[in-house]
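Please treat every number below as a calculation from the coordinates, not as lab data. Just so we're clear, the structure is a prediction, and the values are computed from it rather than from any experiment. Note that each Cβ is placed from the backbone with ideal geometry, even for glycine, and that neighbours are counted across all protein chains shown.
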Amino acid sequence: MQKVHTVKSDNGESDDYNSTNETPRKLNNSTGLSKKNSGIISRKASSFIYRITKNDKKRGSFGSKKGEYIKEDEDKPKITFRKLLSCPLEYHTNLMGTNLFIFGSAFFLYQPLYISGCVIFAIACALCLYSNLIGAINKQQSKNNEYYGFVHYIIGCVVFLLGSIYSCFENDSYAIISFIIGSLFFLLGAIMFLFSIKFSQIKSIDINILVVFFSNFIGGILFTVGSVFFFYTELYDTACYLFIIGSVIFTLAVYFDYIIYINNNFTLDIV
């Protein structure tokens, strides 16, 4: 859930989305790349994009001296299954986690499967927790909005994890409250990532990063509203469907996270 980032440039400075030419690259989930040669990777967005042209096949170039996000006009690498598999582990755990959220939410609709749904939710939270921990570790030096976004996601995952385990034994108001608190932290995490955007320059930001940010934001809202609905018996099914839709949106954000990573880390095969 997720959940994109900035990174440090050669001069050691760290930048947010502050360029008139900006480009992308988690909660979630629902969903941070340094230079290609550095090998340092984090989820959710990269401050650097590697522009490969016919005259510059091997060497990546930055859009500005400060390594800010830029919007690229060149062709992007083709998205293939092999390239998806080549992405870092935290991408895969995030994808597995958001998909498990879908199944767990669906299981809540059927009372005999309720406990199984709680177990699935707990596993999903653990997977997303790992992904966001990696993101926070890779952003800890900058301590910007994205770093604190990951911190909120981590807290949300921990609360959800504990709440899911508790729900396996008790189905009371405390279980619902834990879901509400966890969802609120997911929502706050998404808001922190949105604060990284200069909306006056939104037209120059790559569409992929906007999809990731706003998908995680919408998913957080749906989870929060759905959690509150669990307090009302007549709205129980509606709450489950809100969780399902929110989980699907988180999964969409993760897919675009993959696209951002591949665009920034794989060169074009130009003949």
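Expressed as a whole number of Å, what is the distance separating the alpha-carbon centroids of segment 115-131 and segment 180-239?
That distance is 19 Å.
Can you tell which of S178, V211, S142 lies farthest toward the positive end of the dipole of segment 124-271, using +1 and -1 charges on the Cβ of basic and acidic side chains (Lys, Arg; Asp, Glu)?
Value computed over the given set: S142.
In sequence order, what are the phi-derived ³J(HN,Hα) couplings for segment 147-159 according to the Karplus relation 6.51 cos²θ - 1.76 cosθ + 1.60 with θ = phi - 60°, rounded to whole Hz, with x for glycine and proline?
Each residue's phi maps through the Karplus curve to give 4, 5, x, 5, 4, 5, 4, 4, 4, x, 5, 5, 5 Hz.
Going 7 Å from the Cα of I165 toward and past its Cβ, which residues in segment 116-131 have a backbone nitrogen under 16 Å from where you end up?
118-130, by backbone N distance to the label point.
Would you work out the charge dipole size for segment 97-212 about its Cα centre, treating the Cβ of every Lys and Arg as +1 and the Cβ of every Asp and Glu as -1, and quote it to the nearest 20 debye?
400
Could you derive backbone 3J(HN,Hα) for segment 102-117 from the dihedral phi with the Karplus parameters 6.51, -1.76 and 1.60 (θ = phi - 60°), listing whole Hz in sequence and x where the residue is Gly or Pro?
Working through the residues one at a time gives 4, 5, x, 5, 5, 5, 4, 5, 10, 3, x, 9, 4, 4, 4, x Hz.
Between F195 and F103, what length in nm is gained on full extension when 0.36 nm per residue of separation is reduced by their alpha carbon distance?
30.0 nm
Using all C-alpha to C-alpha distances in segment 134-208, build P(r) with 10 Å bins and read off the rounded percent in each one.
20, 35, 27, 14, 4
Taking the simple approach of a point 7 Å from Cα along Cα-to-Cβ for both R82 and I115, what is their distance in nm?
Distance between label points: 4.7 nm.
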